[in-house]
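The values are calculated or read from the model by the stated rules, or taken from the named source; none is laboratory data. Note that the coordinates shown come from a computational prediction; the quantities given were computed from them, not determined experimentally. Using ideal geometry, Cβ is built from the backbone for each residue, glycine included, and neighbour counts are taken over all protein chains shown. In case anyone asks, the SASA skips ligands and DNA or RNA and just uses the protein heavy atoms, side chains included. Shrake-Rupley method; radii C 1.70, N 1.55, O 1.52, S 1.80 Å.
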Amino acid sequence: MRNNAKHTLDSDVVVIGAGPAGFGAAVAAARQGLNVCLLESGDIIGGIMATCPGMPIGAAYPNGMSIGGILDDFLDRLYTMNPPAAEKRKCRLTEFGPEVFYDPEIAIFTLFEMLQEAGVNLLLNATALEPILDENNVTGVIYYDKNGKNTISTKVLIDCSGDGDVAAKAGVPFEKGDDIFSGKKFSDGIVCCDNAVDNVCRGSNISEYIALIGNGLYYQVPFRCMLPKHIENLLFAGRCISADSVALASVRGMATCMGLGQAAGTAAAKSIRERKRIQNINYEELIQELREHGVNGLN
């Protein structure tokens, strides 16, 4: 596959997928002065925000508290426009907390604007094919665009592709994550969530919602869910984190994914700055950094 692939770019961080998770990861890393490339296989960013216009943003306010961080920055820009481009409303489904309804075109423009402000190098219509490995270290990514096969070097790779295809090609095995119904808080928790378990037509035409908010609960997603065991400079964020099917039906929402992305981008910057394997960075210091960047509800 690497034959005839030309080297086109160098970067500190490559983020694959420009949905909410990839957006959060790219902005977080770039705001810390890193050279960040964001690869998106389509011609627009935003993930489900773009492909399903009008889909509300849920779980932005677990137990009444804002997730904070980059998500707050994004929503505040929409709230404060004249007229407002977003509004927080009560969800008509009793199993869910408040949702944010927004103008999808303005929201996607705002995502573009924030990426540009942060200095992210955004490559649209660029499909990541496979990682370039040196033993347990990712040194680059092969991607395809209208000019053919290209390679981009990187110090850290963040897979926010949803399906985790590039991580899988790096030889990362799948491992199930933790349950959510106890409202568990983890010592390495990096984002809060109270989204209902949303089993929409899973194997049938029946939609089922299992509420967490009825008990006033929220849980934290642990940083360890974003880490492979052996690849030293790879992270996951968004729908491809390590989680069982029940937990994933709660954690996959846009707000939580953006928070996961922010944690991944911040962790990537910390790893590069300290010249440490992702698995060896101090998660307590990472959590403190996230707090300093406005993320709420962490231990």
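Note on region 131-147: residues that are over 18 Å from residue 13 (Cβ atoms) and either assigned to a strand (DSSP E or B) or open to solvent by less than 50 Å² (accessible area, probe 1.4 Å) (or both) total 2.
Yes/no matrix, rows are residues, columns are (1) modelled with pLDDT of 95 or more; (2) more than 18 Å from the chain's Cα centre (by Cα); (3) open to solvent by less than 20 Å² (accessible area, probe 1.4 Å):
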{"site": "182", "(1), (2), (3)": "no, yes, no"}
{"site": "196", "(1), (2), (3)": "no, yes, yes"}
{"site": "204", "(1), (2), (3)": "no, yes, no"}
{"site": "211", "(1), (2), (3)": "no, yes, no"}
{"site": "218", "(1), (2), (3)": "no, yes, no"}
{"site": "225", "(1), (2), (3)": "no, no, yes"}
{"site": "243", "(1), (2), (3)": "no, no, yes"}
{"site": "247", "(1), (2), (3)": "no, no, yes"}
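Selection of region 68-117 for residues being part of a helix (DSSP H, G or I), acidic (Asp, Glu), open to solvent by less than 70 Å² (accessible area, probe 1.4 Å) and farther than 25 Å from residue 220 by Cβ yields only 113. The set of residues in region 36-59 being assigned to a loop (DSSP other than H, G, I, E, B) and buried (at least 17 other Cβ atoms within 10 Å of the Cβ) consists of 40, 41, 45, 46, 47, 55, 56, 59. Within the span defined as region 21-32, one or more residues are in contact (Cβ under 8 Å) with a residue 40 or more places away in the chain, in a loop (DSSP other than H, G, I, E, B) and open to solvent by 10 Å² or more (accessible area, probe 1.4 Å).
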